[in-house]
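The values are calculated or read from the model by the stated rules, or taken from the named source; none is laboratory data. All values reported here derive from a predicted model rather than from experimental measurement. Here the Cβ positions follow ideal geometry from the backbone for every residue, glycine too, while neighbour counts run over all protein chains shown. In case anyone asks, the SASA skips ligands and DNA or RNA and just uses the protein heavy atoms, side chains included. Shrake-Rupley method; radii C 1.70, N 1.55, O 1.52, S 1.80 Å.
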Amino acid sequence: MLDSLMGLFLNSLTILLLTFLVQQIRPIQTHLTQSHSLTEHWFAIYLERTLTDSDIERISSHRIVFSKDQQKNYIEFYQNNDGLMLRRRTNKGGHEVLLNHFDTGRFRVKQSVLFIELETNNKESVYQIPIKK
């Protein structure tokens with residue numbers, strides 16, 4: 001009988017701990033799916049890898065101009081019907097959407113670090129990418 005009571009106690013304790021852990025994990029998953037942060041992080045990683053292998057010609061608040069494989073490329077903010085987007089385009093035409101649906105954004109350089117400042121629904125995200133001089 002004592003063994004049965006001990007087993008019941010341990011099962012109850014396990015169920016309580018699992019319930020607590022599930023409640024703690026759900027808000028994290030909801031936040032990731034409702035925000036752009038994951039997409040923005042992927043963009044920051046992409047941009048860092050791209051600029052590392054490129055010759056940066058100019059950076060302004062709304063555009064980065066760089067050369068890669070003897071081709072001029074632009075990463076720039078562009079206003080469309082859905083809001084602001086970040087796109088990559090080449091001097092040959094066309095463009096590729098990198099980020100979409102945010103309110104404001106700008107590039108800023110300070111001491112060999114590129115800052116990407118994005119704002120969506122009054123939530124600001126700032127990403128830092130080291131760049132070569």
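Excluding ligands, DNA and RNA, the accessible surface per residue across the chain is 72 Å² with a 1.4 Å probe.
Candidates [x] -0.41, -1.33; [y] -0.28, -1.45; [z] -0.32, -1.36; which is the computed log10 I(q)/I(0) by the Debye sum over Cα atoms at q = 0.09, 0.22 Å⁻¹? Read-out taken from this structure: [x]. To put it simply, the accessible area of the chain at a 1.4 Å probe is 54 percent carbon and sulfur.
For the chain, the residue among Phe115, Thr39, Ser54 whose Cα projects farthest onto the positive side of the dipole built from Cβ charges is Ser54.
Full extension of the chain between Met6 and Tyr46 yields a length gain of 9.0 nm, computed as 0.36 nm times the residue separation minus the alpha carbon distance. A simple charge model with +1 on the Cβ of Lys and Arg, -1 on the Cβ of Asp and Glu and nothing else charged puts the dipole of the chain at about 600 debye relative to its Cα centre.
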